[in-house]
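> Have a look at this one.
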Amino acid sequence: MTGLLLITHGELGACLMTQARHVIGTLGLKIRVLGVEPDADPAMVEQQARSLTSDLGPDSVILTDVFGATPSNIAHRIADGRPVVHGLNLAMLLRAHNYADLGPVDLAGHMVSGGRRSIFSGDQPPESS
């Protein structure tokens, strides 16, 4: 089973997980969440993240909220071949539930696709191409 590690600023990851469970119920993936507080020691957070990835195993995807920020930098340092996806949003988590049986690379691709399709301006989503 593919796992997910959410590394986000503060409580964002935990809040997104709460909402995903509200919409779907039980998610069909093993998921761990690590919130990075503003005053956190990056070395300590990295150690926690390594422990969580070890728990999830090599078949996991790491998700972060903002590329280039501390959670993202930590994700890249611990990835060890795991896909890292940036720009985490609720649509990505819901998409992950629908493709829980996929391996990490394919799951990451579906999550990015679902996340992108959920971002648009106006009251009608653009037509799929």
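The values are calculated or read from the model by the stated rules, or taken from the named source; none is laboratory data. These numbers were taken from a predicted model, which means no experiment stands behind them. Neighbour counts run over all protein chains shown; Cβ positions are idealised from the backbone, glycine included.
> Scan the stretch 82-103 for residues that are among the charged types (D, E, K, R) and closer than 12 Å to Ser118 by Cα and report the count.
Summing the residues that are among the charged types (D, E, K, R) and closer than 12 Å to Ser118 by Cα in the stretch 82-103 gives 1.
> Which of the residues that make up the stretch 110-128 are under 25 Å from Ala14 (Cβ atoms), out of contact with any helix residue (DSSP H, G or I) (no Cβ under 6 Å at 6 or more places or on another chain) and either outside any loop (DSSP other than H, G, I, E, B) or not hydrophobic (A, V, I, L, M, F, W, C) (or both)?
Once the filter is applied, which keeps residues that are under 25 Å from Ala14 (Cβ atoms), out of contact with any helix residue (DSSP H, G or I) (no Cβ under 6 Å at 6 or more places or on another chain) and either outside any loop (DSSP other than H, G, I, E, B) or not hydrophobic (A, V, I, L, M, F, W, C) (or both), the stretch 110-128 yields Val112, Ser113, Arg116, Arg117.
> Still on this structure, I have one more. Could you check how many residues of the stretch 71-84 are more than 17 Å from Lys30 (Cβ to Cβ), part of a helix (DSSP H, G or I) and of a type in the set (Val, Ile, Thr)?
The total comes to 1.
> Then there's this: What number goes with the only condition from (1) β-branched (Val, Ile, Thr); (2) touching a helix residue (DSSP H, G or I) at 6+ places or on another chain (Cβ under 6 Å); (3) part of a strand (DSSP E or B) that Ile31 does not pass?
Here Ile31 clears every test but (2).
> So which residues in the stretch 1-28 are charged (D, E, K, R) and touching a strand residue (DSSP E or B) at 6+ places or on another chain (Cβ under 6 Å)?
The answer is Glu11, and nothing else.
> Continuing with the same structure: Filter the stretch 85-109 down to the residues that are among the β-branched types (Val, Ile, Thr), free of Cβ contacts under 8 Å to residues at least 24 places away in the same chain and not in a helix (DSSP H, G or I) and list them by number.
Answer for the stretch 85-109, where residues must be among the β-branched types (Val, Ile, Thr), free of Cβ contacts under 8 Å to residues at least 24 places away in the same chain and not in a helix (DSSP H, G or I): there is none.
> Scan the stretch 60-74 residue by residue and report those that are closer than 24 Å to Gly103 by Cβ, in contact (Cβ under 8 Å) with a residue 60 or more places away in the chain and among the aliphatic types (A, V, I, L, M).
Passing the criteria: only Ile74.
> Hey, another quick one. Within the stretch 67-120, take every residue that is of a type in the set (Val, Ile, Thr) and over 22 Å from Gly35 (Cα atoms) and give me the one that is modelled with the highest pLDDT.
So, considering only residues that are of a type in the set (Val, Ile, Thr) and over 22 Å from Gly35 (Cα atoms), the one modelled with the highest pLDDT is Val105.
> So Val33 ticks every box in (1) farther than 22 Å from Asp106 by Cβ; (2) out of contact with any strand residue (DSSP E or B) (no Cβ under 6 Å at 6 or more places or on another chain) but one. Which box is left unticked?
Tallying (1) farther than 22 Å from Asp106 by Cβ; (2) out of contact with any strand residue (DSSP E or B) (no Cβ under 6 Å at 6 or more places or on another chain), Val33 fails exactly one: (2).
> So which residues in the stretch 27-55 are of a type outside the set (D, E, K, R) and within 13 Å of Ala96 (Cβ to Cβ), if there are any at all?
Scanning the stretch 27-55 gives Leu27, Gly28, Leu29, Ile31.
> Answer yes if at least one residue in the stretch 37-59 is under 12 Å from the mean Cα position of the chain (by Cα) and in contact (Cβ under 8 Å) with a residue 12 or more places away in the chain, and no otherwise.
Within the stretch 37-59 (the criterion being under 12 Å from the mean Cα position of the chain (by Cα) and in contact (Cβ under 8 Å) with a residue 12 or more places away in the chain), the answer is no, since none of the residues qualifies.
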